[in-house]
Amino acid sequence: MKKQLVKLAGAALLAMPFASMANLNPAPPQSTLLEVAVQKPLVNAWQDITYAQPRVMGRPLNLKMDILQPRSESKLPAVLFVTGGGFLMSPKANYIQQRLAIAEAGYVVASIEYRHIPQGKFPDPLLDVKSAVRYLRAHAEEFGIDKDKIAIMGESAGGYFAALAATTNGDRQFDLGENLDQSSSVQAAIDLYGLSDLTQIGADYSPEVQAMHDGDNASEALMLNGIPPFAAGGAVKANPELAAQANPITHISNNTPPFLLLHGDADVLVSPSQTKILFEALVEKGVSAQRYVVKNADHAGIYWAQPQVMQVVIDFLNQQFKPSAR
């Protein structure tokens, strides 16, 4: 028995160095092979490109755009995005998530600043939007744009100017400035909770809110009639002819492109009926149009960055420009 124990102990002692050696040289860790399907393009970003220089109080104003350009061997459709800002500002950096989603879907996306209060009044912002469209066409080779496939998209005040730009397709009175050898017409329009009839912005709200919009100091009044002493000023309803001229419904024609309109049912800044009356007018005049009401969505809030909403936008663009992608 003792001999057997001695043999076992000896064997254990002999095995110990080999075990230590094994611990010093463990099997190498195994990497995991990740197979990736290429679904999105690489996107280049270009910032602060001057697209127009209108004169404000005798001096040129540099208006700039940012461009998201997917890398592609072929020319791509383009989307001109017009930011909101209550007619008081035009921050082109807005809506970056949405713009990137559209770029990743295969569209060159430009976002612009434009004249606002107090830099200008109607129709100055519309002139700027059309200048931006012409700039994209003039530089289509540089940015890989198919100049026959340009959509316009805007939110809030930008949605309003996008709708105006689309409904005034072919109306040369709004083409002033640079690149006048290029067309400012667009082939599709996307209006996110934009205004239409400036006399009815508060139509869905309380009498107090409606009275505020009827005042001389409402931002839409300042945009339409200007700020004294530089312009006449006054309430929107004080100048019904100009208010009608500033209404996209007035300009709907055979040149008006297909429209997509979206509005939140919880919007407390722009009455949801604003996109509804434009939608109904478009359909009545034979223009292809779709309108969605986004449940619980407020004005420019988190709902508008959600994939489900953006997929509606991208599907609409694909219907117009990439029918094979549907």
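The values are calculated or read from the model by the stated rules, or taken from the named source; none is laboratory data. Here the structure is a predicted model, which is why all the values come from computation and not from measurement. All Cβ positions, glycine included, derive from the backbone under ideal geometry; neighbour counts span all protein chains shown. When the accessible area is computed, the model is the full protein with side chains, heavy atoms only, and any ligands, DNA or RNA have been set aside. Shrake-Rupley method; radii C 1.70, N 1.55, O 1.52, S 1.80 Å.
If I take every Cα pair under 8 Å that is 6 or more residues apart in the chain, average their sequence separation and divide by the length, what percent do I get for the relative contact order?
Rounded, it is 14 percent for the chain.
Return one number: the angle in degrees, 0 to 90 and rounded to the nearest 10, between the long axis of the Cα atoms of helix 2-24 and the longest principal axis of the Cα atoms of the chain.
For helix 2-24, the angle is close to 30 degrees.
What ratio of Cα Rg to 2.2 N^0.38 Å holds for the stretch 111-243?
1.14
Mind checking the angle between helix 273-284 and the chain's longest principal axis? C-alpha axes, 0 to 90 degrees, to the nearest 10.
Taking the Cα atoms of the chain, the angle to 273-284 is about 80 degrees.
With the other protein chains left in place, how much accessible area per residue, in square angstrom, belongs to the stretch 70-321 at a 1.4 angstrom probe? List each step's numbers first, then the result.
Numbers: 9890 Å² over 252 residues.
Accessible area per residue: 39 Å².
Over the stretch 213-326, what percent of the accessible surface lies on carbon and sulfur atoms, probe 1.4 Å?
With neighbouring chains kept in place, the figure for the stretch 213-326 is 52 percent.
Anything over 22 Å Cα to Cα? Flag those among Lys147/Lys322; Lys92/Lys322; Lys130/Lys237; Lys40/Lys322; Lys237/Lys295; Lys121/Lys237, in the order listed. Could the numbers behind the result be given before it?
On the way: Lys147/Lys322 14 Å; Lys92/Lys322 27 Å; Lys130/Lys237 26 Å; Lys40/Lys322 16 Å; Lys237/Lys295 32 Å; Lys121/Lys237 16 Å.
In this structure, Lys92/Lys322; Lys130/Lys237; Lys237/Lys295 exceed 22 Å between Cα atoms.
Which residue, Gly159, Gly264, Gly301, tops the fluctuation ranking in a GNM of the chain built on C-alpha contacts under 10 Å?
Gly301
Kirkwood hydrodynamic radius of the stretch 70-321 from all distinct Cα pairs, in Å?
Evaluated on the stretch 70-321, it is 18.1 Å.
Working only with C-alpha atoms, what are the Rg and Dmax values of the stretch 244-326, expressed in angstrom?
Rg then Dmax for the stretch 244-326, in Å: 13.9, 40.
Rounded to the nearest 0.05, what FRET efficiency do Tyr205 and Asp181 give with R0 = 41 Å and r taken as the Cβ-Cβ distance? Could you check?
Values: r = 45 Å, r/R0 = 1.10.
So the FRET efficiency works out to roughly 0.35.
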